[in-house]
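Chemist: Next up is a structure, given as structure tokens.
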Amino acid sequence: MSGATALQVEYQRGASLDSTLEQDDLLAVFSFGQSPLTSGDPRHVPVALGLLGEAGVNEVWTARGPIESGQLNHVRFARGIDLSMGHISLDLRQFNDVETASRVAYEELQEFLGRSPHHWPLKIWNFIPGINIGEGDEERYRQFCVGRAKALAEGYGDQPPMPAATAIGGPADEPALQVYFLAGGLPGLNVENPRQLNAWQYPRRYSPRSPLFSRGTIMQVDEARQFLISGTASVVGHETHHDNPTDQVTESIRNVNSLLAEGQRLLGGKQPRLGDGGVMRIYVRNPDDLGEISTTLEQIVPGDLPRIYLNGDVCRSDLLTEVDGIVTCQ
């Protein structure tokens, strides 16, 4: 495995789902603008967020195999030698509220990890329909945070694993809460951003239970390292900065670069940089902002870094955009 990354990620344009599913080393293929409840093959992960600016793009994960796949409770999974991918889709129409659904999702996630040879979560993606619906503590994102915290407290007590994570809002009429994750046989190195307050230390005003994630996680398999970047927005300290797309996405990239610098400080070696391998996703609340955001990114992010734009709401109603991604560490 020396010299190769454990997880290879690419954006495939124009390839059919059936042909992608024939790949022997396929860990997951993500298609966009489809309800998670439509998944058939466990390696197929539909995502309700729609693509912006183009169509027919799938995100493809491959890993060292052989790859086996299956299902445990609601967790549909694929597992290679080094890594596991799992995804959970819960129909919210079958639950009293988002808090209950998120608690069940994380209970099942923990049960799966406990039975897997890859029992360390490295990154978790959470897609919550209508994430900003509800007033005060009834907001769906706050309910999600409470349910997640309760499940993690039951499973881990007061020291739960807090890997990198992303939480984005899907269409309000999408029935499924979706959680998917990447896990490995060894824990990653969690990294915090000096420009931002640790998420689990956020003031009470944001939620009854603080978000439980790290700003990024460095995954190492053999000699290869990859930096898994959490959803990163225009937040400095704990407060939202700026009220326009250009300044918000610029601030987001400042935060990503600060995080990468902190990873280099902890591990030494060459500082990882956007464009050193990997991919980037950009979540955009208002589709009309796509042109402004993409033009800004073309000026501050290497043009050869593969990227896609997705229509999704950010966890705070005053945030217009968010980015996440993967960077290869040299």
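The values are calculated or read from the model by the stated rules, or taken from the named source; none is laboratory data. Since this is a predicted model, take the numbers as computed values, not measurements. No Cβ is skipped: glycine too gets one built from the backbone with ideal geometry, and neighbour counts run over all protein chains shown.
Chemist: Under 6 Å between Cβ atoms, which residue pairs at least 6 apart in sequence (or on different chains) link something in the range 210-224 that is within 23 Å of Asp137 (Cα to Cα) with a partner that is among the hydroxyl-bearing types (Ser, Thr, Tyr) and assigned to a loop (DSSP other than H, G, I, E, B)?
Modeler: Close Cβ pairs satisfying both conditions: Ser210/Tyr202.
Chemist: While we're looking at this one, here's another question. Since Gln71 meets every condition but one in (1) in contact with an Asp or Glu (Cβ under 9 Å, 6 or more places away or on another chain); (2) farther than 19 Å from Ala151 by Cβ, which condition does it not meet?
Modeler: (1)
Chemist: May I ask you to verify whether Ser230 is closer than 24 Å to Asp158 by Cβ and touching a Gly at 6+ places or on another chain (Cβ under 7 Å)?
Modeler: Against the criterion (closer than 24 Å to Asp158 by Cβ and touching a Gly at 6+ places or on another chain (Cβ under 7 Å)), Ser230 qualifies.
Chemist: Working only within the range 25-42, note down all residues that are small (Gly, Ala, Ser) and either under 16 Å from Asp91 (Cβ atoms) or more than 19 Å from the chain's Cα centre (by Cα) (or both).
Modeler: Ser35, Ser39, Gly40
Chemist: Then there's this: Select, from Glu108, Glu154, the only residue that is in a helix (DSSP H, G or I) and buried (at least 19 other Cβ atoms within 10 Å of the Cβ).
Modeler: Checking each option against the conditions leaves just Glu108.
Chemist: Are any of the residues in the range 133-141 within 20 Å of Phe77 (Cα to Cα), among the acidic types (Asp, Glu) and buried (at least 18 other Cβ atoms within 10 Å of the Cβ)?
Modeler: No; the residues of the range 133-141 include none that is within 20 Å of Phe77 (Cα to Cα), among the acidic types (Asp, Glu) and buried (at least 18 other Cβ atoms within 10 Å of the Cβ).
Chemist: Next question, about the same structure. Could we say that Gln94 is surrounded by fewer than 19 Cβ atoms within 10 Å (Cβ to Cβ), closer than 21 Å to Phe30 by Cβ and modelled with pLDDT of 95 or more here?
Modeler: Taking the combined requirement at face value, the residue does not satisfy it.
Chemist: From the list Gly277, Gly268, Gly291, which residue is at pLDDT 95 or above, small (Gly, Ala, Ser) and either surrounded by fewer than 16 Cβ atoms within 10 Å (Cβ to Cβ) or over 23 Å from Ala48 (Cα atoms) (or both)?
Modeler: Gly291
Chemist: Also: Tell me, which residue of the range 192-225 that is assigned to a loop (DSSP other than H, G, I, E, B) and of a type in the set (A, V, I, L, M, F, W, C) is nearest to Phe144 (Cα to Cα)?
Modeler: Per the stated criteria, the residue is Leu212.
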